[in-house]
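So that we are looking at the same thing, I have put the structure below in structure tokens.
The values are calculated or read from the model by the stated rules, or taken from the named source; none is laboratory data. Not measured: the values here are computed from a predicted model. All Cβ positions, even for glycine, are placed from backbone atoms using ideal geometry, and neighbour counts span all protein chains on display.
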Amino acid sequence: MQVKLNGIDTRYVLDNEGGGPWLTLVHQLGGDLSVWDQLAGYFRDDFTVLRYDVRGHGHTAVPDQPFSIADLSSDLAALLDALGAPHTHLVGMSMGGMIAQQFALDHPSRIDTLVLADTSAGTLPENRAVWDQRAATARRDGMASLVPATLERWLTPDFQRSHPEAVEPIHEVLLHTRPEGYALACEALRDFNVHERLHEIRLPTLTIAGRHDTGTPPAATQLIAKSIQGAQYELLDAAHLAPVEQSHRFAALLETFLEARV
């Protein structure tokens, strides 16, 4: 399905066989809503599961001007409005976790629970150049030049060898992400920083990190948990895409967390 949000044609998928509470899933940089296929299938009998492609990703349009994580938070609010969802359980991975944090600060009353996977509260000044370099590489050389190193960060070698059926779709989505959409998102991540505001979040929160994540070290996700009162922190035997690499364990953690609050 397509809907125009803040002037951007946006793709979304809604699985509401169960007609239960809303559960919204937000994907990583260089990904799209398909990364949640397995998790959506697990929860769709009990929840109204919403997935969508973030600006510049998948089948959502690439804007013609820069945007911020706050703009992506606004897109999510507009999507929930368009679908008549007053509030939702919110799960964000990597970039999606940053969008979820911003949304929790912008629209706290619209979140039932907050789940943040493999993410940080912002880019430190000394790391801003990394995002500039990735944006420049995407624009200059295309996405193929970024794929090998990205997959190395995202998934452990053992998982890549033993689960090619899971790796191939992720590879294809990353490879076919439009370079300008990727670059603009890199620049939004470069400028994102809510470290000093995390204490404002007063929501039931679960944070999950991958033990082998080199791109977003577990300490970054753990710091979020320490900064949000009552937040839970879990560490999985995975790299950056823990919800993919440890899908069953991730689903079990999410199920237990949600059951206690639904």
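Quickly run through the stretch 233-262 and pick out the residues that are buried (at least 16 other Cβ atoms within 10 Å of the Cβ) and charged (D, E, K, R).
Kept after step one, since they are buried (at least 16 other Cβ atoms within 10 Å of the Cβ), are these residues of the stretch 233-262: 233-234, 236, 238-247, 249-251, 253-254, 257-258.
Selection gives GLU234, GLU245, ARG249.
For the stretch 188-211, check the following and say yes or no: at least one residue is in contact with a Leu (Cβ under 9 Å, 6 or more places away or on another chain) and among the aromatic types (Phe, Trp, Tyr). It would help to see each step written out before you state the result.
First pass over the stretch 188-211, keeping only residues in contact with a Leu (Cβ under 9 Å, 6 or more places away or on another chain): 188-189, 193-195, 197-198, 200-201, 203-211.
From what's left, among the aromatic types (Phe, Trp, Tyr): none.
No: zero hits.
If you don't mind, there's one more thing I want to ask. Go over the candidates ARG178, ARG161 one by one and state the one that is surrounded by fewer than 19 Cβ atoms within 10 Å (Cβ to Cβ), modelled with pLDDT of 95 or more and farther than 17 Å from THR60 by Cα.
Numbers: ARG178 fails: farther than 17 Å from THR60 by Cα.
Going through ARG178, ARG161 in turn, just one is surrounded by fewer than 19 Cβ atoms within 10 Å (Cβ to Cβ), modelled with pLDDT of 95 or more and farther than 17 Å from THR60 by Cα: ARG161.
I would also like to ask the following. Residues being surrounded by fewer than 21 Cβ atoms within 10 Å (Cβ to Cβ) and either assigned to a strand (DSSP E or B) or in contact with a strand residue (DSSP E or B) (Cβ under 8 Å, 6 or more places away or on another chain) (or both): count how many of those fall in the stretch 81-96. Spell out how you get there, then give the answer.
In the first step, residues of the stretch 81-96 are kept if they are surrounded by fewer than 21 Cβ atoms within 10 Å (Cβ to Cβ); the result is 81-87.
The next check asks that each one be either assigned to a strand (DSSP E or B) or in contact with a strand residue (DSSP E or B) (Cβ under 8 Å, 6 or more places away or on another chain) (or both); those that pass are 82-83, 85, 87.
The qualifying residues number 4.
Here are some residues: GLU234, GLU245, GLU255. Which one is out of contact with any helix residue (DSSP H, G or I) (no Cβ under 7 Å at 6 or more places or on another chain), modelled with pLDDT of 95 or more and within 26 Å of ARG44 (Cα to Cα)? Walk me through how you get there before you give the answer.
Details: GLU234 fails: out of contact with any helix residue (DSSP H, G or I) (no Cβ under 7 Å at 6 or more places or on another chain); GLU245 fails: out of contact with any helix residue (DSSP H, G or I) (no Cβ under 7 Å at 6 or more places or on another chain).
Every option except GLU255 fails the conditions.
Let me ask something else about it. For residues that are in a helix (DSSP H, G or I), in contact with a strand residue (DSSP E or B) (Cβ under 8 Å, 6 or more places away or on another chain) and not hydrophobic (A, V, I, L, M, F, W, C), scanning just the stretch 233-257, find the one that is nearest to HIS199 (Cα to Cα).
Residues of the stretch 233-257 that are in a helix (DSSP H, G or I), as a first pass: 242-245, 247-257.
Retained after the next criterion (residues that are in contact with a strand residue (DSSP E or B) (Cβ under 8 Å, 6 or more places away or on another chain)): 242-243, 245, 249-250, 253-254, 257.
Filter once more, so that each one left must be not hydrophobic (A, V, I, L, M, F, W, C): 243, 245, 249.
Numbers: PRO243: 26, GLU245: 30, ARG249: 28 Å.
Looking at the filtered set, the residue picked out is PRO243.
Tell me yes or no: at least one residue of the stretch 19-30 is at pLDDT below 95, closer than 26 Å to HIS248 by Cβ and out of contact with any Phe, Trp or Tyr (no Cβ under 6 Å at 6 or more places or on another chain).
Yes, the stretch 19-30 contains a residue that is at pLDDT below 95, closer than 26 Å to HIS248 by Cβ and out of contact with any Phe, Trp or Tyr (no Cβ under 6 Å at 6 or more places or on another chain).
Residue check: is ALA260 among the aliphatic types (A, V, I, L, M) and within 17 Å of the chain's Cα centre (by Cα)?
Working: among the aliphatic types (A, V, I, L, M): yes; within 17 Å of the chain's Cα centre (by Cα): no.
No; evaluated as a whole, the condition is false for this residue.
Go through the stretch 193-232 and report how many residues are farther than 15 Å from ALA117 by Cα, assigned to a helix (DSSP H, G or I) and free of Cβ contacts under 8 Å to residues at least 60 places away in the same chain.
Adding up the residues that qualify gives 2.
Applying the selection to the stretch 79-104, what residues are among the aliphatic types (A, V, I, L, M), farther than 17 Å from HIS195 by Cβ and touching a helix residue (DSSP H, G or I) at 6+ places or on another chain (Cβ under 9 Å)? Step through it out loud before you land on a result.
The initial filter retains those residues of the stretch 79-104 that are among the aliphatic types (A, V, I, L, M), namely 79-80, 82-83, 85, 90-91, 93, 95, 98-100, 104.
Those still in the list that are farther than 17 Å from HIS195 by Cβ too: 79-80, 82-83, 85, 90-91, 93.
Once the filter is applied, which keeps residues that are among the aliphatic types (A, V, I, L, M), farther than 17 Å from HIS195 by Cβ and touching a helix residue (DSSP H, G or I) at 6+ places or on another chain (Cβ under 9 Å), the stretch 79-104 yields LEU80, ALA85, LEU90, VAL91, MET93.
So THR137 fits all but one of (1) assigned to a helix (DSSP H, G or I); (2) touching a residue at least 24 places away in the same chain (Cβ under 8 Å); what number is the exception?
(2)
Now a separate question. Which numbered condition in (1) of a type in the set (A, V, I, L, M, F, W, C); (2) buried (at least 18 other Cβ atoms within 10 Å of the Cβ); (3) in a helix (DSSP H, G or I) is the only one that ALA78 fails?
Unmet for ALA78, out of (1) of a type in the set (A, V, I, L, M, F, W, C); (2) buried (at least 18 other Cβ atoms within 10 Å of the Cβ); (3) in a helix (DSSP H, G or I): (2).
Now for a separate question. Taking only the stretch 18-72 into account, find how many residues are more than 12 Å from the chain's Cα centre (by Cα), under 16 Å from GLY7 (Cβ atoms) and part of a helix (DSSP H, G or I).
The total comes to 2.
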